[in-house]
Amino acid sequence: MKLTPNQQAMLDGQQGWPLQIAMRMLTAVGRALDAPDLIPVTSTHLVIDGTALGEAGRDFLERLVAEGGRFTIPASINAIAVDRTKQDMTKEERDQIRMLEACEKMGALPSCSCNPFIQGIQPGFGEHVAWSESATAPYVNSVLGARTNREGATAVASALTGLTPRCGMHVDENRHGKMLIQVDADITGADRYSLLGALAGRLAGDRIPVLDGVGKTPSIDEYVAFGAAFAIHGSVAMFHMSGITPEAPSLAIAFGVNAVPGPVIIDDHTLEAERLETAGGDAGPVDVVSIGCPHASIDQMRAAATMVGRSGGAKTGDTVFYIHTNRSTFDTADGEGLIDILTGAGARVTADNCSVVSYDRVTAGARLATNSAKMALFAKSVSDAEILFGSTEKCIEAGLTGVWKD
Ligand code: F3S
């Protein structure tokens, strides 16, 4: 890779260990992906989930601080594995807080959310950024028109150096569509967009799909639901919606130099098949309800409180009814009296973490109801949960009654 003299000095260790280790990470990834050089980025989003990083991650982040590492660009933080306000934390939970504090000492914003967009953290069109958390990349690239790869630990290296390898989604020609999905179904609501995202992600694999026929512009919540499921079921960091997303004003522009291929059709039948694939469980008792994946927006919190109010009663039975969100949305909801309504009915509103990014995960084999295809896949894989899948309203009903109805 071609490096500037300053970048070479960082790599040689002349500017300290944190920048040297960061440059080693970036140049190793860049070489593996045939990047010709490094380009500046304007922000990063960091995953520091303690259940994945463990003590090694804690030690690494704390050593960066001790050796003078400082973030040179804005850095936000993904969901962490514990609610920051929890009392009597375990050692692992305290370690997670130490990781967060290390990042804060280097200059990170403790946003602690997998949905930073609803906190106003949104790169602009054409900006090059380096964001980790798979669910954020499709939104950044496709909806905002900013540019990021699906970063991992390299996001910390980008935070320290303000650089990323020039490859993948940072290169114009790589952002064109390669497959066409014709949507012949009415898609409304987070659960339907989540199913559509899961199916589109799996069909697309490593090809950027262009969806035609979506009709209306999705809401932010619908985009986020789509992107999270799309990312976890596929491997690309971008999609287009013809006539809707900013780099796809038409099919021809979305495909760029690539020929427009014949379409793969998604209709109500294929979506119902996807729902059945997502949800193995039948009607009956529910152990856990988990909504707010990715973290619920204030609109979703208001809607949940309205639905709880409409159903007119407190929770019955032992079902654990989670609504996940971030701290700033929690505080806004608290100010509007929504937290009192939701917790008064028996829901547990969590901030910072969720039922699977947590040291206190869903019990193995539990029957879990959700409106998120991403939560469904995670709960299956980390807790071997039996999944029930449906609309937010249906999940709330199950949370209050303890029963999933067909
Ligand atoms: Fe966020 Fe947890 Fe879902 S981190 S994307 S709520 S699995």
Item to check | residue 341 accessible area, 1.4 Å probe, all protein chains in place, Å² to nearest 10 | outcome: 80
Item to check | Average accessible surface area per residue within segment 329-406, 1.4 Å rolling probe, Å² | outcome: 38
Item to check | Debye equation applied to the C-alpha atoms of segment 285-382, log10 I(q)/I(0) at 0.19, 0.24 Å⁻¹ | outcome: -0.89, -1.34
Next on the checklist: From the protein chains alone at 1.4 Å, what is the descending order of accessible area for 176, 324, largest first?
Outcome noted: 176, 324
Next on the checklist: Could you compute how much accessible surface residue 175 exposes when probed at 1.4 Å, giving the result in Å² to the nearest 10?
Outcome noted: 0
Checklist entry - Structure shown: which of 91/315; 86/315; 178/394; 178/216; 86/405; 105/380 lie over 25 Å apart, alpha-carbon to alpha-carbon? => result 91/315; 178/394; 86/405; 105/380
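For residue 348 and residue 253, calculate 0.36 nm times their separation in residues minus their Cα-Cα distance, and state this gained length in nm to one decimal. Each step should come with its number before you reach the end.
Details: separation 95, 0.36 × 95 = 34.20 nm, distance 4.58 nm.
Gain on extension, residue 348 to residue 253, equals 29.6 nm.
Using a probe of 1.4 angstrom, how much of the accessible area of the chain is carbon and sulfur, in percent?
52
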Checklist entry - Excluding ligands and nucleic acids, what accessible area in Å² is computed for residue 316 using a 1.4 Å probe, to the nearest 10? => result 80
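Please report the relative contact order for segment 1-98, taking Cα pairs under 8 Å with a sequence separation of at least 6, and give it as a percent rounded to a whole number.
29 percent.
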Checklist entry - With every protein chain left in place, what is the accessible area per residue of segment 116-232 in square angstrom, probe 1.4 Å? => result 29
Next on the checklist: Classify the chain from the C-alpha gyration tensor, please: rounded if a/c falls under 1.5, else prolate or oblate depending on whether a/b exceeds b/c.
Outcome noted: oblate
Next on the checklist: Between 189, 313, 145, where does the largest GNM mean-square fluctuation fall for the chain, given springs only between Cα atoms within less than 10 Å?
Outcome noted: 313
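Once you keep just the Cα pairs under 8 angstrom separated by 6 or more residues, what percentage relative contact order results for the chain?
Contact order relative to length: 16 percent.
Calculate, in nm to one decimal, what residue 8 and residue 56 gain on full extension: separation in residues at 0.36 nm each, minus their alpha carbon distance.
Working: separation 48, 0.36 × 48 = 17.28 nm, distance 2.73 nm.
So the extension gain works out to 14.6 nm.
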Checklist outcome for this item: Extension length gain for residue 122 and residue 1 (0.36 nm per residue less Cα distance), in nm, is 40.5 nm
Next on the checklist: If I model a spin label as a point 7 Å beyond the Cα along the Cα-Cβ vector, how far apart are those points for residue 94 and residue 380 in nm?
Outcome noted: 3.9
Checklist entry - Using a 1.4 angstrom probe with every protein chain in place, what is the largest-first accessible-area order of 139, 322? => result 322, 139
Next on the checklist: Within segment 133-175, list the residues whose amide N lies under 19 Å from a label point set 7 Å along Cα→Cβ of residue 37.
Outcome noted: 158, 161-174
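Set the Förster distance to 45 Å, then compute FRET efficiency between residue 216 and residue 84 from the Cβ-Cβ distance, nearest 0.05. Intermediate results must be reported in sequence, preceding the final value.
Details: r = 38 Å, r/R0 = 0.83.
Approximately 0.75, to the nearest 0.05.
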Checklist entry - Which of the helices in the chain meet the span-like rule: DSSP H, Cα axial reach of 18 Å or more, Kyte-Doolittle mean at least 0.5? => result 17-32, 220-233
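How much of the DSSP beta bridge set in the chain is antiparallel, as a percent to the nearest 5? Don't skip to the answer; put the middle values down first.
Details: 5 of 41 bridges.
Taking every DSSP beta bridge within the chain, about 10 percent pair in antiparallel fashion.
What do you reckon, how do 21, 265 stack up by accessible area (1.4 Å probe), largest on top? If you can, show how the numbers build up before the last one.
Working: 21 35, 265 80 Å².
The residues order as 265, 21, largest area first.
Around residue 35, with a cut-off of 13 angstrom between Cβ atoms, what is the net charge of the other residues, counting Lys and Arg +1 and Asp and Glu -1?
Local net charge: +1.
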Checklist entry - Which of 201, 177, 365 moves most in a GNM of the chain, Cα contacts under 10 Å? => result 365
Checklist outcome for this item: For segment 192-312 the mean separation of alpha carbon contacts under 8 Å (6+ apart) over residue count, i.e. relative contact order in percent, is 26
Checklist outcome for this item: Among 58, 310, 361, the residue with the largest mean-square fluctuation in a Gaussian network model of the chain built from Cα contacts under 10 Å is 310
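The values are calculated or read from the model by the stated rules, or taken from the named source; none is laboratory data. Nothing here was measured: the structure is a model prediction, and the numbers come from that model. FYI the Cβ positions are ideal-geometry reconstructions off the backbone, even for glycines, and counts take in every protein chain you see. Remember, those area values only see protein heavy atoms, side chains included, never the ligands or the DNA or RNA. Shrake-Rupley method; radii C 1.70, N 1.55, O 1.52, S 1.80 Å.
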